[in-house]
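Report on one structure; see the data block that follows.
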Amino acid sequence: MDHARRAEELRTQLREASHRYYVLDAPTLSDAEYDRLFRELEQLEKDHPDLLTPDSPTQRVGAAPSEKFARVTHRHQMMSLANAMSSEDLDEFVERVHRLLGDEKVRWVMEPKLDGLAVTLTYEEGRFVQGATRGDGLVGEDVTQNLKTIKMIPLQLSHAPAGRFEVRGEVFINKRDFVRMNEEREKAGEPTFVNPRNSAAGALRQLDPRITAQRPLSIYFYEVGEAAPFATHWEKLQKLKNYGLRTNPENELLESVEAVRDKYRRLLEKRHDLPYEIDGTVVKVDSEDQRRRLGAVSRTPRWAIAWKFPAEEEATTVENIFVSVGRTGALTPVAELKPVYVGGVTVGRATLHNEDELRRKDVRVGDRVFLRRAGDVIPEIVRVIVEDRPPEGRPPFEMPKTCPVCGAPVHREPDEAVTRCTNLSCPAQLVGRLRHFAGRLAMDITGLGEETCIRLVQGGLVKTPADLYSVTREQWLSLERMGEKSVDNLLAALHASKKTSLRRFTYALGIRMVGEATALALARRFGSIQAMLDATLDDIQAVRDVGPIVGEQIFTFLQNPENRTAIGRLLAAGVAPEPEAAPAAAGAFAGKTVVLTGTLSRYTRDQAKAEIERRGGRVAGTVSRKTDFVVAGGDAGTKLKKAQELGVRVVDENGFADLLK
């Protein structure tokens, strides 16, 4: 028997069967027949290891778990889309396209905007060799082995293009598969997933591809890394199908903007009937030549836009109202809801903010309410369906007179909306303070999450943030779910955090009303923590952006004996806050107020802010007539529009980089 020939026959049969089943939805083999052929190939490759090829159907799962994902620099940037939230936004997009192209006819391609995770796949001579996540658009994570577990992804292309070929796609989980997966997890006593998008993203970023293989991931392909061989996007999509790459059957080529609007309406009407989640449509210029001439701004193409669907509202029931306690002792009423799927996620809770908001909306246990969620906005109870209340009514919720965590009395200042626990040693406050202290903008202690903080407090290991630096390795290991590697990583993060800036240290202290900007102003004014401790009330109130009320809070905190002792213990533990560099007295940013909006491809928001402040500028959160200029990245929204209305100078990312020079 010619084993090599038989192995190749089996591989061909199995590839064809997978393509017909997963891509064409027209199976020719029964599951039993497929399994029989698969087992035969598996046995052949086991008996004759020299016959094993990297693109064999048997190689989809089996790689050893990765310690961490390697970074992949994309050969062609993966761009992000600007959003159109209304019909008027779409009109503006179309006008911009025609303004740049003149009287040329424009054809459009519309695609459903899937709620998943963007990836890029590289094929060489038709064989799948590497896959990566989008990351920041320039650099992603190597998830090749995990992508191999998705059966819709061919390991070998049909009619393969020569050389290197890069294709982009969206990984997602179908609604039906998501429900079935959660049912199975519930039966097994495992925690269920919140939504298909996060489940898909989490599955693709598993270090062990065998876990990824257990998740029902799907994919549609929509773009290539280099479009040179194609005259139009529609031609490109047809070619992808010929290669065996799955494209969305809802994609449509349209001749006019009126047809685009009609397609949008049709997709909006059928969104709940589709087997997958979509939150809008993507409108693209079809001609590749026109795309090249339209170009891009920063990392956002001028030839495409995401036309989003309106935010969704769903009715649900308030099953309970409880009160949570934050790091400053603030008591926050929270509505516990009958879980409802809205805006792409399953929502079971919604904050009611404070007592005044609770009274204004008059939310009561047992009420039917409308819940609204748009994009990544926190779920909000829009209104109570009062008509559904029984004739005898329901009792209003009463805020507790004592802290629900420690039992201490609570107090509300006459001019404040917030009720607070009066016990500074309250465990809930301590957990909140630890989380704040370890936060990314504070001491940046990776791995110190909420659950770990709770265990530290419950175990009596930590009473102030300074105690974190004296917890021994053995004590860390004694905590539930803390393995040796996690502990070593956490100890390394704690050691690294000792070298920090005075701004971060000041923010990490968790002084009420002191945000990042105020912490920076204090750090620049006083230069050291000792100078801050020695400052008078007048000294503090004279600091820019502080004022009398915030100054009182800061002075009271710094003069409190317990707080001074805690700060001393942090310094004794080796924490060494370094002075802030003096801001530049001259230059493009010196003395200027700048607003950042949209997404920058070369800088995180924190990096951009730090660069501006280092040069003597101030970063504000809102645009006003006092704003000197706005830095607008991709997906810039209302702040950009406000700047244009007020005539405030706007620069894109390239202009921002030039100013930094």
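The values are calculated or read from the model by the stated rules, or taken from the named source; none is laboratory data. Quick caveat: nothing in here was measured; it's all calculated off a predicted structure. Cβ placement follows ideal geometry from the backbone for every residue including glycine, while neighbour counts extend to all protein chains displayed.
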For this session: Output the qualifying pairs, or none if there are none: Cβ atoms under 9 angstrom, residues six or more apart or on different chains, first residue in the range 175-190 and touching a residue at least 12 places away in the same chain (Cβ under 8 Å), second residue of a type in the set (S, T, N, Q).
Result: Asp177/Ser218; Phe178/Asn195; Phe178/Ser199; Met181/Thr192; Met181/Ser199; Met181/Gln214
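Give me the helices (runs of 4 or more DSSP H) completely within the range 432-536, filtered to those with at least 2 residues that are assigned by TED's automatic domain parsing to the domain that holds Val546, hydroxyl-bearing (Ser, Thr, Tyr) and within 22 Å of Arg614 (Cα to Cα), ordered by residue number.
Numbers: elements: 450-458, 473-478, 484-497, 502-508, 516-526, 529-534.
Passing ranges, in order: 502-508.
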Exercise. Here are Glu226, Glu250: which of them is part of a loop (DSSP other than H, G, I, E, B), in the same structural domain as Met152 (by TED's automatic domain parsing) and modelled with pLDDT of 95 or more?
Worked result: Glu250
For this session: Answer yes or no: is there a residue in the range 476-495 that is under 20 Å from Pro579 (Cα atoms) and without any contact (Cβ under 8 Å) to a residue 40 or more places away in the chain.
Result: yes
For this session: Scan Gln238, Gln206, Gln145 and give me the residue that is in the same structural domain as Ala304 (by TED's automatic domain parsing), within 27 Å of Ala304 (Cα to Cα) and not in a strand (DSSP E or B).
Result: Gln238
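Could you look through the range 164-201, keep only residues that are of a type in the set (Val, Ile, Thr) and buried (at least 20 other Cβ atoms within 10 Å of the Cβ), and pick out the one that is farthest from the chain's Cα centre (by Cα)? I'd like the intermediate steps shown before the answer.
As a first pass, look at the range 164-201 and keep what is of a type in the set (Val, Ile, Thr): 167, 171, 173, 179, 192, 194.
Checking the rest, the ones that are also buried (at least 20 other Cβ atoms within 10 Å of the Cβ) come to 167, 171, 173.
Details: Val167: 23, Val171: 15, Ile173: 17 Å.
So the residue we want is Val167.
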Seminar exercise, completed: Across the range 497-526, the tally of residues that are touching a residue at least 24 places away in the same chain (Cβ under 8 Å) and surrounded by fewer than 16 Cβ atoms within 10 Å (Cβ to Cβ) stands at 4
Exercise. Mind checking whether some residue in the range 115-128 is out of contact with any helix residue (DSSP H, G or I) (no Cβ under 7 Å at 6 or more places or on another chain), at pLDDT below 90 and either assigned to a loop (DSSP other than H, G, I, E, B) or not β-branched (Val, Ile, Thr) (or both)?
Worked result: no
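Considering only residues of the range 301-339 that are part of a loop (DSSP other than H, G, I, E, B) and modelled with pLDDT under 95, which is surrounded by the most Cβ atoms within 10 Å (Cβ to Cβ)? Let's see the steps before the verdict.
Of the range 301-339, the ones part of a loop (DSSP other than H, G, I, E, B) are 302-303, 309-311, 326-329.
Going one step further and asking which of them are modelled with pLDDT under 95, we end up with 302, 309-311, 326-329.
Values: Arg302: 17, Phe309: 17, Pro310: 10, Ala311: 16, Gly326: 18, Arg327: 18, Thr328: 16, Gly329: 24.
So, considering only residues that are part of a loop (DSSP other than H, G, I, E, B) and modelled with pLDDT under 95, the one surrounded by the most Cβ atoms within 10 Å (Cβ to Cβ) is Gly329.
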Seminar exercise, completed: If we ask which residues in the range 191-205 are touching a helix residue (DSSP H, G or I) at 6+ places or on another chain (Cβ under 8 Å) and without any contact (Cβ under 8 Å) to a residue 24 or more places away in the chain, their number turns out to be 3
For this session: Determine the pairs where a residue that is free of Cβ contacts under 8 Å to residues at least 60 places away in the same chain and not assigned by TED's automatic domain parsing to the domain that holds Gly637, located within the range 93-105, has a partner that is small (Gly, Ala, Ser) and buried (at least 16 other Cβ atoms within 10 Å of the Cβ) with Cβ atoms under 7 Å apart, the partner being 6 or more residues away or on another chain.
Result: none
Exercise. In the range 628-639, what count of residues is obtained for those that are modelled with pLDDT of 85 or more and not in a loop (DSSP other than H, G, I, E, B)?
Worked result: 4
Exercise. Scanning for something surrounded by fewer than 21 Cβ atoms within 10 Å (Cβ to Cβ), hydrophobic (A, V, I, L, M, F, W, C) and in a loop (DSSP other than H, G, I, E, B), does the range 268-289 turn up at least one residue?
Worked result: yes
For this session: Starting from the range 546-568, keep only residues that are assigned by TED's automatic domain parsing to the domain that holds Arg512, then list their pairs with residues that are part of a helix (DSSP H, G or I) and small (Gly, Ala, Ser) whose Cβ atoms are within a distance under 6 Å, requiring at least 6 positions of separation or different chains.
Result: Ala566/Ala466
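Yes or no: Ile529 in contact with a strand residue (DSSP E or B) (Cβ under 7 Å, 6 or more places away or on another chain), more than 30 Å from Phe656 (Cβ to Cβ) and crowded, with 16+ Cβ neighbours inside 10 Å?
Details: in contact with a strand residue (DSSP E or B) (Cβ under 7 Å, 6 or more places away or on another chain): yes; more than 30 Å from Phe656 (Cβ to Cβ): yes; crowded, with 16+ Cβ neighbours inside 10 Å: yes.
So Ile529 fits the description; yes.
Would you confirm whether any residue within the range 152-171 is among the hydroxyl-bearing types (Ser, Thr, Tyr) and under 27 Å from Thr12 (Cβ atoms)? I'd like the intermediate steps shown before the answer.
Our first condition is that a residue be among the hydroxyl-bearing types (Ser, Thr, Tyr); within the range 152-171, this holds for 158.
This time we only want the ones that are under 27 Å from Thr12 (Cβ atoms), so: 158.
Yes.
Here is a yes/no grid of residues against (1) touching a His at 6+ places or on another chain (Cβ under 8 Å); (2) of a type outside the set (Phe, Trp, Tyr); (3) closer than 30 Å to Lys239 by Cβ:
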{"site": "Glu186", "(1), (2), (3)": "no, yes, no"}
{"site": "Thr192", "(1), (2), (3)": "no, yes, no"}
{"site": "Gly202", "(1), (2), (3)": "no, yes, no"}
{"site": "Leu207", "(1), (2), (3)": "no, yes, no"}
{"site": "Arg210", "(1), (2), (3)": "no, yes, no"}
{"site": "Leu217", "(1), (2), (3)": "no, yes, yes"}
{"site": "Tyr222", "(1), (2), (3)": "no, no, yes"}
{"site": "Gly225", "(1), (2), (3)": "yes, yes, yes"}
For this session: Would you please name the residue that is nearest to Pro427 (Cα to Cα), looking only at residues in the range 340-350 that are of a type outside the set (S, T, N, Q), modelled with pLDDT under 90 and outside any loop (DSSP other than H, G, I, E, B)?
Result: Val347
Exercise. Pairs under 8 Å by beta carbon, first residue in contact (Cβ under 8 Å) with a residue 24 or more places away in the chain in the range 569-580, partner of a type in the set (Val, Ile, Thr), six or more apart or different chains?
Worked result: Arg569/Thr464; Leu571/Ile529; Val575/Thr500; Ala576/Thr500; Pro577/Thr500; Pro577/Thr506; Pro577/Ile529; Glu578/Thr500
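Does Leu155 fit the bill of being surrounded by 20 or more Cβ atoms within 10 Å (Cβ to Cβ) and under 23 Å from Ala296 (Cβ atoms)? Outline the logic, then answer.
Details: surrounded by 20 or more Cβ atoms within 10 Å (Cβ to Cβ): yes; under 23 Å from Ala296 (Cβ atoms): no.
Spelling it out, it is not the case that Leu155 is surrounded by 20 or more Cβ atoms within 10 Å (Cβ to Cβ) and under 23 Å from Ala296 (Cβ atoms).
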